[in-house]
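The values are calculated or read from the model by the stated rules, or taken from the named source; none is laboratory data. Predicted, not measured: the structure shown is a model, and the values here were computed from it. Methodologically, a virtual Cβ is constructed for each residue, glycine included, from the backbone with ideal geometry; neighbour enumeration extends over all protein chains shown.
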Amino acid sequence: MLYSIPFFSMVKGEIAVKWKKELIVLINVLLCSFAVLTGCEDIAIEDTAINDIIIEDIENEYDDIETVEVASVVDGDTIKVYLEGERYTIRMIGIDTPESVHPDESKNTIYGQKASDYAKQTIKKGQTVYLSKDVSDRDKYDRLLRYVWLEKPVDVNDENEIRQKMYNAKVVLDGYANVYEYAPNNTLYDLFLSFEAEAAENNRGLWAENGLNNENIERTEAQKQSEEDIFIGNKNSKKLHSSYCTDLPQEKNRIYFDSKEEALEQGYEIDSKCIY
Ligand SMILES: [Zn+2]
């Protein structure tokens, strides 16, 4: 039953990458059982061939740009499009905007409304947009996971093109979305984090009214700090702290290290509250 589901959720004859992996596992299990029964060596060759075909297929998907018409703009990070005559919901990769159309109305905020207005000004119903994939085809709600391009990109990995043409990047740069990790779709995650920091620093969009979540910004800053930091060990507890920690040991119990690694080698354990 489990393996029959993907066949009903095919788009353009493609099975989502996730399902392909499971399919490979299933095929391998079947081939292995068969090989045990027959002892046939050809099976191994056939097995490789199947893997090759599937890997090639996945690589081709990365290059694919889908040209679609916008059916509607749902909110700051979701649109609906027509793709080959069918309507699909697109969840834009790598971003999260405040809620505006959540069924639980207490979650909808004025910031969500503003992010939604931004999206509706930037993307119009009936407009042609271009979609590119990262790793996954869909999320668990069966929405297509895509980067949405307002103009067709020449190189989907070029930072200038991403800044100028990709909605997912623009909404972060203009301060209407937080960056949101959509593992394993992380190709642009670090770049997006730098866009988010740039927007926050310049008080763009919702940053000017504290309308976004600053967790990413704080984490990035803490990470940067800890890379340049000196480390302070507590000789009694053998805990290792950042010099910025609010929980530092008394002077007489301190031991200083230039690197985390040096302390770890001497049996110190990291304080996860202050070292990332
Ligand atoms: Zn600490």
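Before moving on, here are some points about what is shown:
- Out of Tyr118, Tyr111, Tyr88, sole residue that is aromatic (Phe, Trp, Tyr), at pLDDT 95 or above and part of a strand (DSSP E or B): Tyr88
- Number of residues in the stretch 113-149 that are within 22 Å of Glu215 (Cα to Cα) and buried (at least 21 other Cβ atoms within 10 Å of the Cβ) equals 2.
- Verdict on Val70 being crowded, with 20+ Cβ neighbours inside 10 Å and without any contact (Cβ under 8 Å) to a residue 60 or more places away in the chain: no
- Scan of the stretch 244-269 for residues that are within 17 Å of Lys224 (Cα to Cα) and either surrounded by 16 or more Cβ atoms within 10 Å (Cβ to Cβ) or in contact with a helix residue (DSSP H, G or I) (Cβ under 9 Å, 6 or more places away or on another chain) (or both), ordered by number: Tyr244, Cys245, Lys260
- Within the stretch 205-234, the set of residues being over 19 Å from the mean Cα position of the chain (by Cα) and over 26 Å from Arg254 (Cβ atoms) comprises Gly205, Leu206, Trp207, Ala208, Glu209, Asn210, Gly211.
- Identification of strands (runs of 3 or more DSSP E) wholly contained in the stretch 183-276 with 1 or more residues that are polar (S, T, N, Q) and either within 16 Å of the ligand (Cβ to nearest atom) or closer than 30 Å to Ser136 by Cα (or both) yields 231-234, 239-242.
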